[in-house]
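S.K.: Here it is, the structure, as structure tokens.
The values are calculated or read from the model by the stated rules, or taken from the named source; none is laboratory data. Predicted model, so just to flag it, every value in this text is computed and none were measured. Reconstructed Cβ throughout: ideal geometry from the backbone, glycine too, with neighbour counts over all protein chains shown. The area values use the complete protein model at the heavy-atom level, side chains included, leaving out ligands, DNA and RNA. Shrake-Rupley method; radii C 1.70, N 1.55, O 1.52, S 1.80 Å.
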Amino acid sequence: MSSTPSRSVAIIGAGVIGLSWAHLARDHGWSVTITDPAPQLEEWVTSEFGSDDALVSWTADLAEAVTGVDLVQENGPERLEIKQTIFAEVLAHAPADAVLATSSSSIASSLIAEGLEDGTRLLVGHPFNPPALMPLVEVVPGTDTAPATVERAIALYRELDRVPVVVRKEMPGHVANRLQTALSREAQYLVEDGVVGVADLDAILQNSLGLRWSTIGLFEGNVLGGGVGGARHLFEGVGAETGRIALGAPSTDPDVRERLVTDIEAEYGVGEEAYDRLVEKRRVRTEAVLEALADVEADS
Ligand SMILES: NC(=O)c1ccc[n+]([C@@H]2O[C@H](COP(=O)([O-])OP(=O)(O)OC[C@H]3O[C@@H](n4cnc5c(N)ncnc54)[C@H](O)[C@@H]3O)[C@@H](O)[C@H]2O)c1
């Protein structure tokens, strides 16, 4: 491997998302500095990367972590005031041309920028969990974000083999999580109402929409659903009928919610063993799908 890293990134917050970004960047030959005020920082980093990885370092000092980097990727707690405090310090110490990104799932960068002197280099770079596996990064500029920052963020995420997609308007949950929420609400309703069990709901999803959407898009599928008449035919025919179906909503009754959680835990387990098992299952299967799709792309 080259002794000079191509790029450098500061990973702020060594939780689920921060450590996964760190793996991605490190595996692409980037120099990675991880910072987190938690006293377990060293333990967390060394248990993931060992203690003598030439590309990975850690420090509790945020200013030191962001000095000289190309990209700051913030993954701290989902609290506006914490993110504002973090980015105020980042602005004071990161290079003038660094992209300053928050992984936030729900906080707009315009809100974070309200507490800052300069919001032109700040944006949301929202990964889908886990960032090391899932290609998507939703790039969401705020009202102050400079167009050049968006372009630079896109270029940096592409260097990490991610698929950055610009979201044109700030919305809670951006796009992917809003879609997930819509589907999850109906799934919870259907199980709570006794229409289908937890495992069967997942079997239905994995053997229909999940498989379809890993190969072609939703609107692309609409074209096929309408035959040679395409999406217009689908929307006017079958789609007009299914579009009239009244959807349900998850129960607000704590007993009903408890039964749902108990059913999910009975099916998949809970705790460290279950977590590790499911993380590994997800990794193996996701990599297999991505590799198969890359082979198809290469052959076409
Ligand atoms: N978990 C997900 O599925 C997911 C997906 C995409 C984006 N996100 C976003 O990523 C961010 C992190 O989420 P997570 O699930 O990794 O959370 P997490 O709780 O696993 O990790 C948060 C980390 O931030 C650290 N921290 C606390 N105060 C800090 C400070 N002042 N400065 C720096 N670090 C601090 C904590 O010690 C912890 O290690 C959030 O903004 C979240 O919205 C989460």
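S.K.: Post the alpha-carbon centroid distance, the range 222-300 to the range 40-85, in whole angstrom.
M.R.: 33 Å
S.K.: For a test of the definition: using alpha carbon positions, the gyration tensor, and the 1.5 limit on a/c, classify the range 33-97 as rounded, prolate or oblate.
M.R.: It comes out oblate by the Cα gyration axes.
S.K.: Give the shape of the range 229-295 as rounded, prolate or oblate, defined through the alpha-carbon gyration tensor: a ≥ b ≥ c are the square roots of its eigenvalues, a/c under 1.5 means rounded, and otherwise the shape is prolate if a/b is larger than b/c and oblate if not.
M.R.: Oblate, since a/c reaches 1.5 and b/c is not below a/b.
S.K.: Could you tell me how many degrees, from 0 to 90 and to the nearest 10, lie between the Cα long axis of helix 80-93 and the main elongation axis, the longest principal axis, of the Cα atoms of the chain?
M.R.: The angle comes out near 40 degrees.
S.K.: Here is a follow-up. Find me the longest stretch of the chain that has none of the exposed trypsin sites (Lys or Arg not before Pro), where exposed means in a DSSP loop (not H, G, I, E or B) with at most 13 other Cβ atoms within 10 Å.
M.R.: Result for the longest clean stretch: 80-167.
S.K.: Rounded to a whole number of µm²/s, how large is the Stokes-Einstein D of the chain at 4 °C and 1.567 mPa s, given Rh as the Kirkwood radius over C-alpha pairs?
M.R.: Value of D from the Cα-based Kirkwood radius: 60 µm²/s.
S.K.: Have a look at Ile17, His174, Pro147 and report the one farthest towards the positive end of the charge dipole of the chain, computed about the Cα centre with Cβ charges (Lys/Arg +1, Asp/Glu -1).
M.R.: In the chain, that residue is Pro147.
S.K.: Using a 10 angstrom cutoff on alpha carbons, build the Gaussian network for the chain and name the most mobile of Ala14, Ala199, Ala25.
M.R.: Judging by the Gaussian network model, the answer is Ala199.
S.K.: Sketch the reach of a paramagnetic label on Ala63 as a point 7 Å from Cα along Cα-to-Cβ, and name the residues of the range 1-36 whose backbone nitrogen lies under 17 Å away.
M.R.: Counting backbone N atoms under 17 Å from the label point, the list is 35-36.
S.K.: Could you state the angle between the C-alpha long axis of helix 176-192 and the longest principal axis of the C-alpha atoms of the chain, as a value from 0 to 90 degrees rounded to the nearest 10?
M.R.: Value to nearest ten degrees: 40.
S.K.: Once the range 171-300 is represented by equal point scatterers at the alpha-carbon sites, with solvent omitted, what log10 I(q)/I(0) does the Debye formula produce at q = 0.09, 0.14, 0.16 Å⁻¹?
M.R.: One equal scatterer on each Cα of the range 171-300 leads to -0.38, -0.91, -1.13.
S.K.: Taking the Cβ-Cβ separation of Asp53 and Thr215 as r and a Förster radius of 30 Å, what is the calculated FRET efficiency to the nearest 0.05?
M.R.: 0.25
S.K.: Which order do you get for Tyr275, Tyr157 if you rank them by accessible area with a 1.4 Å probe, largest at the top?
M.R.: So the residues, ranked largest to smallest area, are Tyr275, Tyr157.
S.K.: Can you check what the Kirkwood hydrodynamic radius comes to for the range 8-166, Cα pairs only, in Å to one decimal?
M.R.: By the Kirkwood definition, the hydrodynamic radius is 15.1 Å.
S.K.: Is the C-alpha gyration tensor of the range 194-252 telling us rounded, prolate or oblate? Criteria: a/c under 1.5 is rounded; beyond that, a/b larger than b/c is prolate, otherwise oblate.
M.R.: Cα axes put the range 194-252 in the oblate bin.
S.K.: Over the chain, what relative contact order in percent results from Cα pairs under 8 Å that are six or more residues apart?
M.R.: Across the chain, relative contact order equals 11 percent.
S.K.: In debye, nearest 20: dipole of the chain around its Cα centre with unit charges on the Cβ of K, R (+) and D, E (-)?
M.R.: 980 debye
S.K.: To continue, here is another question. How big is the charge dipole of the range 176-268 about its Cα centre, in debye rounded to the nearest 20, if each Lys and Arg gets +1 on its Cβ and each Asp and Glu gets -1 on its Cβ?
M.R.: 540 debye
S.K.: Follow-up question, since we're still on this one. Given a Förster distance of 41 Å, report the FRET efficiency between Ala231 and Ser106 from their Cβ-Cβ distance, rounded to the nearest 0.05.
M.R.: The computed FRET efficiency comes out at 0.85.
S.K.: Right, here's the next one. Would you mind checking the tilt of helix 147-159 against the longest principal axis of the Cα atoms of the chain, expressed as 0 to 90 degrees and rounded to 10?
M.R.: 80 degrees
S.K.: Explain nothing, just compute: Karplus ³J(HN,Hα) = 6.51 cos²θ - 1.76 cosθ + 1.60, θ = phi - 60°, for every residue of the range 241-251 in order, whole Hz, x for Gly and Pro.
M.R.: Values, residue by residue: 5, 5, x, 8, 5, 7, 8, x, 9, x, 5 Hz.
S.K.: At R0 = 22 Å, how high is the FRET efficiency between Gln84 and Arg178 if r is their beta carbon distance? Nearest 0.05 is fine.
M.R.: The computed FRET efficiency comes out at 0.35.
S.K.: Obtain the nm distance between the two label points defined at Asp295 and Asp193 by a simple spin-label model: each point lies 7 Å from its Cα along the Cα-to-C-beta direction.
M.R.: 4.1 nm
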